[in-house]
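Since the structure comes first, as structure tokens, the remarks are kept for the end.
The values are calculated or read from the model by the stated rules, or taken from the named source; none is laboratory data. Keep in mind it's a predicted model, so treat the numbers as computed, not measured. FYI the Cβ positions are ideal-geometry reconstructions off the backbone, even for glycines, and counts take in every protein chain you see. Side chains are part of the model used for accessible areas, which takes the heavy atoms of the whole protein and leaves out ligands, DNA and RNA. Shrake-Rupley method; radii C 1.70, N 1.55, O 1.52, S 1.80 Å.
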Amino acid sequence: MRARYGIPPGIVAAGAAGLVYAAGFEARSFRLRRVTVPVLPPGMGPLRVLQVSDIHMVSGQRKKQRWLQSLAGLRPDFVINTGDNLSDPEGVPEVLDALGPLMEFPGAYVFGSNDYYGPKLRNPARYLLEKTSGRHGLNGNPPAVGVIHNPWEDLRDGFDTAGWLNLTNTREVLKVEGVSIELTGLDDPHIKRDRYAQVAGGPSGTYDFSMGVVHAPYLRVLDSFTADGYPLVLAGHTHGGQLCIPFYGALVTNCDLDTDRVKGLSTHTAEGRTSYLHVSAGCGTNRYTPVRFACPPEATLLTLVGRE
């Protein structure tokens, strides 16, 4: 008689329960993290920066919208949006509504690939294959074809109208309570839109504080910011690994950053200089993979304090 093999019912039940938890609970279990970063000039008072990232708004996500609106109660000194606001071409009005209370504060933004292009259904195992081959995004891969073009211009216009600074391959200066903050930003390296040569040279030295902003924390970008002397770089993109293994961590970062720095505060060294790096795990997911495991959605309130 032929042997019959199957998956034990207990494993099937555990897998189903894990999927229900990852999609039904954790993906909507929004958190606020608080981080202190000693990067300001000695004697300078603290600055409170709210970083929001990877919202990936899909029309109808009311809980996410309400949570983002509630963050205005933190009263940050300024807001940095590190991109990937959309996962739905129809999501622009809901992004602007969700961020409306936060746009009452000074702020700045960069875009990610999903602000420009709608996501495509893909095998999650491809992220592991890209990790092993060193091919991420359009870095060495053929250009994207057959993609949905999101109305990013409407999103840009909404942010600009509110007074947020567009950091697309440029420098801007934010004035907060008499403090001048030089912001140097890049378009998304994940789709090769970054143009560091246009902003190279490091902090000008004429402002109270300088920092770098980018969506995807590719090493070439981190190396450039760090070598040029920026004390802090903010990024998103990684989703913190999104599907993590408890007590182990992330398997992938969706870029060439190592998994030890997939989210949170760390440091980066290049050409003898060291910068602080903060990578947000973001508060959304690709609409085709609406799950998170051991990696809840988040925003971060960073308190910048004086260096010792």
Of the accessible area of the chain, with the probe set at 1.4 angstrom, what percent is carbon plus sulfur? 55 percent
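Considering only DSSP beta bridges whose two residues both sit in the chain, what percent are antiparallel, to the nearest 5?
Within the chain, antiparallel bridges account for around 40 percent of the total.
Counting Lys and Arg as +1 and Asp and Glu as -1, each charge on the Cβ, what is the dipole of the chain about the Cα centre in debye, to the nearest 20? Please report the intermediate quantities before stating the final value.
Working: 30 positive and 30 negative charges, 270 e Å.
About 1300 debye.
Give, rounded to the nearest 20 debye, the magnitude of the charge dipole that the stretch 170-308 has about its Cα centre when Lys and Arg contribute +1 at Cβ and Asp and Glu contribute -1 at Cβ.
Its charge dipole is roughly 340 debye.
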Near residue 281, within a Cβ-to-Cβ distance under 10 Å, what is the net charge of the other residues, with Lys and Arg +1 and Asp and Glu -1? +2
Just want the answer: with Cβ charges of +1 for Lys and Arg and -1 for Asp and Glu, which residue in 254, 303, 284 is farthest toward the dipole's positive end in the stretch 182-305? 284
Calculate for the chain the 222 nm mean residue ellipticity that helices alone would give, adding -39,500 (n - 2.57) per DSSP H run of length 4 or more and normalising by residue count, nearest 500 deg cm²/dmol. -5500 deg cm²/dmol
Regression test value, accessible area per residue of the chain, probe 1.4 Å, units Å², expected 45 Å²
Amide hydrogen neighbours beyond the local backbone of residue 86, cut-off 5 Å, H modeled: 56, 57, 115
So how much slack lies between residue 162 and residue 28, counting 0.36 nm per residue of separation and subtracting their Cα-Cα distance, in nm? 45.5 nm
Cut-off under 5 Å, modelled amide H: who pairs with residue 281 long-range: 264
Cα lying deepest toward the dipole's positive end in the chain, options 294, 40, 265, charges on Cβ: 294
Which ³J(HN,Hα) values in Hz, rounded to whole numbers, follow from the phi angles of the stretch 277-282 under the Karplus curve 6.51 cos²θ - 1.76 cosθ + 1.60, where θ = phi - 60° and Gly and Pro get x? 10, 10, 10, 7, 6, x
Within the chain, what's the longest run with no chymotrypsin sites (Phe, Trp or Tyr not before Pro) in a DSSP loop and at most 11 other beta-carbon atoms within 10 Å? Give the range, please. 6-246
In what order, largest first, do 182, 177, 153 sit by accessible area if the probe radius is 1.4 Å? 177, 153, 182
How high is the FRET efficiency from residue 197 to residue 70, r the C-beta distance, R0 30 Å, rounded to 0.05? 0.15
